[in-house]
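J.: One structure, pasted below without further comment.
The values are calculated or read from the model by the stated rules, or taken from the named source; none is laboratory data. Since we're looking at a predicted model, the values are computed, not measured. Cβ coordinates were reconstructed from backbone atoms using ideal geometry, including for glycine residues, and neighbour counts include every protein chain displayed.
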Amino acid sequence: AKTLAASNVASRIPPYKGLLRKLKEVYNVLGRETQLTLAEKILYSHLYSVEESLLSNTQSGKVVRGNATLKLKPDRVAMQDASAQMALLQFMSCGLPSTAVPTSIHCDHMIVGERGADVDLPASITGNKEVFDFLESAAKKYGIEFWPPGAGIIHQTVLENYAAPGLMMLGTDSHTPNAGGLGAIAIGVGGADAVDAMVDAPWELKAPRILGVKLQGQLSGWAAPKDVIMKLAGLLTVRGGTGFIIEYFGPGVHTLSCTGMATISNMGAEVGATTSLFPFTQSMMPYLRSTHRFDLLREVGIYALLSGEGNQLLRADPEALYDEVVTIDLSSLEPHINGPFTPDLSTPLSQFKDAVKINKWPESFGAGLIGSCTNSSYQDMTRAENIVKQASAVGLEPKADFFITPGSEQIRATLARDSTLETFSSAGGTVLANACGPCIGQWKRTDGVSKGETNAIFSSYNRNFKGRNDGNPSTMNFLASPEIVTAMSYAGSTIFNPLTDTIPTPSGNPFQFSPPSGLDLPSAGFAQGKPEFAPNPGVPSPDHPVIISPTSDRLAVLEPFAPFPAGELEGLRVLYKVKGQCTTDTISAAGPWLKYKGHLPNISANTLIGAVNAETGETNIAYDHYNLAESGEPPKSGIPQLAEKWKNQGKEWMVVAESNYGEGSAREHAALQPRYLGARVILAKGFARIHETNLKKQGIVPLVFDNEGDYETVRAGDVVSTIGLYDMLRNGGKGDVSLKCEKKDGEQIIKVRHTISKDQAGFILAGSALNLLAKKEGT
Ligand code: F3S
């Protein structure tokens, strides 16, 4: 069996002493009387320079929240297998021998759920072998802890091994905030942001506002931690948390299990929050003990429990002010069912039957799925087990197909040891691999439901967008706690209320479930699981080769982008004028393209295919005004095809767009792909902030119309030169820029604005942020 290397153990304890020192600096800058929330304490104690990030705001009289740009140094990075590919390829291009912060990779997204772990896992490993081999080999070379396929879902593995009160980490997955259940600030980001931390470049975040959720009372009966976030999602809606960190406080916090708090934090992603977190509570100590994290337990004990100023790090100040406060009474909370198609359509269980009738939702459902990163704790599973035992005792079997996804090998092995899995299997349940499976669309349904067929399923997962689980946009996915999903699976009916309704047993007697009971933690601690699922030691082996086949169509080494030319840009072609919304999904579509995430040339064939042509109203139809056909007409083609044609002709180009260009996600492919195909400038009415930063990191210049009306006049076929851009870049972002636009009927000067900082000017001149770093490293 592999044992944890000493270096791994040390890297799993946040640097509490240093954080406390930084926190003192924070109070010095903000004023000793300042009262801080826990989120602020953790974030600000991870600043590179407290003065640089906080002082200018306070001196100018601005409050930090919502204004300051924080330059942060996270403690660690975690990546899932799909997003890790491009992040690693970018990291490799810097030529560093190891990652600057402890990093881990988790192979969970590419494993199918179909017939059960024993069959599905080997098949998925074979199907994705080249990707797993690449990730493992790169992990060995750079000292990254590699959790192989079958080891578990990233967020569950992080909770069990890396999450810690006061930790700040980045994860390349939306549900990274799961670690907030153990008092960490854990933020979901794109691969390029993870690379910032891995190369020790400051990771920038606009100081979030803090939304306080005050919990009162105590859960009882059927109500579960999941219901807290299901109710909150209904109150806040999917956008309500944007720009906020959700911080839980109040007496109810101290009644929750650590894993229950993780479930609640996990789904903060569903309301758009930057992250969610809980303060230190006593329930964290037995969780750390059960997961065998004794060194961390000792440290947390010192900083959380002993008296003195040290214990101020892991809790909010008594008079801390929140920007907004929502109160939830746990004692009166009832189970909720959210969906279909959006996680904020929240219905209390007692009203769900009526909702089904009113909305004409299906009255039967075909599958109940429990587990996943959201809800596979010991508490969740033993409460579900209790429901199954109640039903089995009276001879009932689930009417719907019943699937169980353990979140990690540790939880699977523990549930196997304690016979919980046996209970599920004997009742007809299928235990899937310790991986995402149906939660990320990797579900091969075998129940004959065809695509387009309206049907319903219940899951204890976190997301329920159309097509999320089985690729069928007509599948209505209702979210609920594992115990509710399990109980309802016995009725197979959406109008069954397990709290009040009965099911006839085989002998004809009506049976009603009692409220479930379970255990927060296994009395014998967690089992370690199979040794082959343990991670490698996080020690770099510089001579280890990184395995990428030159003939692979899924992986390709990244070639550095060319630096900015020594002078103004001239002869830029307008590839496309986009009409309306242009999200990162419009620029780099997901779905089947995800397969090519590690192969920039191949995935670039989806560039902008969702964009609407402002001049013709067509989608993904571009016209080559610069290479007219014999008829004199511009030939038409798909956008990526035209971009590639120009790339091969050595011609650079630009895109013209409307407001909020690049909204949606931090997907770095949306910046990498246009850059790869030859884009130099994006000219828009406005940009989504994260995408604008990503463009600059990849060496593309984002420019904003000074006069939005000029959007109307620029057309495909114009030839554009920059005026003042080169000088502005050389002056570290200072100076005016305009564009000279040569049109068929004359010339036009367009005034533009930009937000390019000194650092970012350096990225653009070098060709990309990573080029600049590689130059500094002398590679
Ligand atoms: Fe995402 Fe996997 Fe959880 S898909 S939501 S990390 S189970």
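J.: Applying the selection to the stretch 369-414, what residues are on the phi < 0 side of the Ramachandran plot, among the polar types (S, T, N, Q) and within 13 Å of the ligand (Cβ to nearest atom)?
T.: Matches in the stretch 369-414: Thr374, Asn375, Ser376, Thr405, Ser408.
J.: I've got another one for you. Is the stretch 467-485 home to any residue that is within 16 Å of the ligand (Cβ to nearest atom), touching a residue at least 60 places away in the same chain (Cβ under 8 Å) and part of a helix (DSSP H, G or I)?
T.: Checking the stretch 467-485: at least one residue is within 16 Å of the ligand (Cβ to nearest atom), touching a residue at least 60 places away in the same chain (Cβ under 8 Å) and part of a helix (DSSP H, G or I).
J.: Kindly indicate whether any position in the stretch 112-119 is within 14 Å of the ligand (Cβ to nearest atom), in contact (Cβ under 8 Å) with a residue 12 or more places away in the chain, over 25 Å from Pro15 (Cβ atoms) and in a helix (DSSP H, G or I).
T.: No, the stretch 112-119 contains no residue that is within 14 Å of the ligand (Cβ to nearest atom), in contact (Cβ under 8 Å) with a residue 12 or more places away in the chain, over 25 Å from Pro15 (Cβ atoms) and in a helix (DSSP H, G or I).
J.: Oh, and also: Looking only at residues in the stretch 426-441 that are within 11 Å of the ligand (Cβ to nearest atom) and not in a loop (DSSP other than H, G, I, E, B), which one is farthest from Ala367 (Cα to Cα)?
T.: Going through the qualifying residues, I end up with Ile440.
J.: Enumerate the strands (runs of 3 or more DSSP E) found wholly within the stretch 247-338, keeping only those where 2 or more residues are buried (at least 16 other Cβ atoms within 10 Å of the Cβ) and under 24 Å from the mean Cα position of the chain (by Cα).
T.: Correct list: 275-277, 336-338.
Let's see how each residue does on (1) buried (at least 19 other Cβ atoms within 10 Å of the Cβ); (2) touching a helix residue (DSSP H, G or I) at 6+ places or on another chain (Cβ under 7 Å):
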{"site": "Thr423", "(1), (2)": "yes, yes"}
{"site": "Ala491", "(1), (2)": "yes, no"}
{"site": "Thr494", "(1), (2)": "yes, yes"}
{"site": "Thr505", "(1), (2)": "no, no"}
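J.: If you take the residues of the stretch 213-226 that are assigned to a strand (DSSP E or B) and surrounded by 24 or more Cβ atoms within 10 Å (Cβ to Cβ), which of them is nearest to the chain's Cα centre (by Cα)?
T.: Within the stretch 213-226, the match that is nearest to the chain's Cα centre (by Cα) is Val213.
J.: If you go through the stretch 233-246 one residue at a time, do you hit one that is in contact (Cβ under 8 Å) with a residue 24 or more places away in the chain and within 16 Å of the ligand (Cβ to nearest atom)?
T.: Going through the stretch 233-246, the residues in contact (Cβ under 8 Å) with a residue 24 or more places away in the chain turn out to be 233-246.
Next, from what is left, pick out any that are within 16 Å of the ligand (Cβ to nearest atom): 233, 238.
Yes, that holds for at least one residue.
J.: It is to be established whether one or more residues within the stretch 151-160 are within 16 Å of the ligand (Cβ to nearest atom), touching a helix residue (DSSP H, G or I) at 6+ places or on another chain (Cβ under 8 Å) and more than 19 Å from Ser377 (Cβ to Cβ).
T.: Looking for residues that are within 16 Å of the ligand (Cβ to nearest atom), touching a helix residue (DSSP H, G or I) at 6+ places or on another chain (Cβ under 8 Å) and more than 19 Å from Ser377 (Cβ to Cβ), one finds none in the stretch 151-160, hence no.
J.: Being in contact with a Gly (Cβ under 6 Å, 6 or more places away or on another chain), acidic (Asp, Glu) and either outside any loop (DSSP other than H, G, I, E, B) or surrounded by fewer than 20 Cβ atoms within 10 Å (Cβ to Cβ) (or both): is that true of Asp585 here?
T.: Against the criterion (in contact with a Gly (Cβ under 6 Å, 6 or more places away or on another chain), acidic (Asp, Glu) and either outside any loop (DSSP other than H, G, I, E, B) or surrounded by fewer than 20 Cβ atoms within 10 Å (Cβ to Cβ) (or both)), Asp585 qualifies.
J.: Any residue in the stretch 279-295 that's under 18 Å from Pro177 (Cβ atoms) and in contact (Cβ under 8 Å) with a residue 12 or more places away in the chain: show its pairings with residues that are surrounded by fewer than 22 Cβ atoms within 10 Å (Cβ to Cβ) and basic (Lys, Arg) at Cβ separation under 7 Å, as long as the two are six or more apart or on different chains.
T.: Taking only residues 6 or more apart or on different chains, the pairs are Pro279/Arg315; Phe280/Arg315.
J.: Now for a separate question. Could you go through the stretch 652-659 and let me know if any residue there is over 18 Å from Thr583 (Cα atoms) and part of a strand (DSSP E or B). Step through it out loud before you land on a result.
T.: Of all residues in the stretch 652-659, those over 18 Å from Thr583 (Cα atoms) come to 652-653.
Filter once more, keeping what is part of a strand (DSSP E or B): 653.
Within the stretch 652-659, one or more residues are over 18 Å from Thr583 (Cα atoms) and part of a strand (DSSP E or B).
J.: Exactly one of (1) among the small types (Gly, Ala, Ser); (2) away from the ligand (no atom under 16 Å from the Cβ); (3) in contact with a strand residue (DSSP E or B) (Cβ under 8 Å, 6 or more places away or on another chain) is unmet by Ser450. Its number?
T.: Of (1) among the small types (Gly, Ala, Ser); (2) away from the ligand (no atom under 16 Å from the Cβ); (3) in contact with a strand residue (DSSP E or B) (Cβ under 8 Å, 6 or more places away or on another chain), only one is false for Ser450: (3).
J.: Right, here's the next one. Kindly indicate the residue of the stretch 453-466 that is among the charged types (D, E, K, R) and away from the ligand (no atom under 15 Å from the Cβ) and also surrounded by the most Cβ atoms within 10 Å (Cβ to Cβ) among those meeting that condition.
T.: Within the stretch 453-466, the match that is surrounded by the most Cβ atoms within 10 Å (Cβ to Cβ) is Lys466.
J.: Hey, does the stretch 186-202 have a residue that's within 20 Å of Pro535 (Cβ to Cβ), away from the ligand (no atom under 16 Å from the Cβ) and out of contact with any helix residue (DSSP H, G or I) (no Cβ under 9 Å at 6 or more places or on another chain)?
T.: Yes, the conditions are met somewhere in the stretch 186-202.
J.: For residues that are surrounded by fewer than 23 Cβ atoms within 10 Å (Cβ to Cβ) and in contact with an Asp or Glu (Cβ under 6 Å, 6 or more places away or on another chain), scanning just the stretch 74-108, find the one that is farthest from Ser372 (Cα to Cα).
T.: Taking the candidates together, the pick is Gly95.
J.: Within the stretch 247-291, take every residue that is of a type in the set (Val, Ile, Thr) and farther than 21 Å from Glu204 by Cβ and give me the one that is nearest to the ligand (Cβ to nearest atom).
T.: Just the residues of the stretch 247-291 that are of a type in the set (Val, Ile, Thr), to begin with: 253, 255, 259, 263-264, 271, 274-275, 281, 291.
With farther than 21 Å from Glu204 by Cβ added as a condition, the list becomes 253, 255, 259, 263-264, 271, 281, 291.
Values: Val253: 24, Thr255: 26, Thr259: 14, Thr263: 11, Ile264: 14, Val271: 15, Thr281: 24, Thr291: 19 Å.
Filtering first and then ranking leaves Thr263.
J.: Right, something else. Can you confirm whether Thr382 is at pLDDT 95 or above and either in contact with a Leu (Cβ under 8 Å, 6 or more places away or on another chain) or among the aromatic types (Phe, Trp, Tyr) (or both)? Step through it out loud before you land on a result.
T.: Working: at pLDDT 95 or above: yes; either in contact with a Leu (Cβ under 8 Å, 6 or more places away or on another chain) or among the aromatic types (Phe, Trp, Tyr) (or both): yes.
Answer is yes for this residue.
J.: If I go through the stretch 54-81 residue by residue, how many of them are over 30 Å from Val158 (Cβ atoms), at pLDDT 90 or above and not aliphatic (A, V, I, L, M)?
T.: 1
J.: When you go through (1) buried (at least 23 other Cβ atoms within 10 Å of the Cβ); (2) under 14 Å from Leu569 (Cβ atoms) one by one for Asp727, which number turns out not to apply?
T.: (1)
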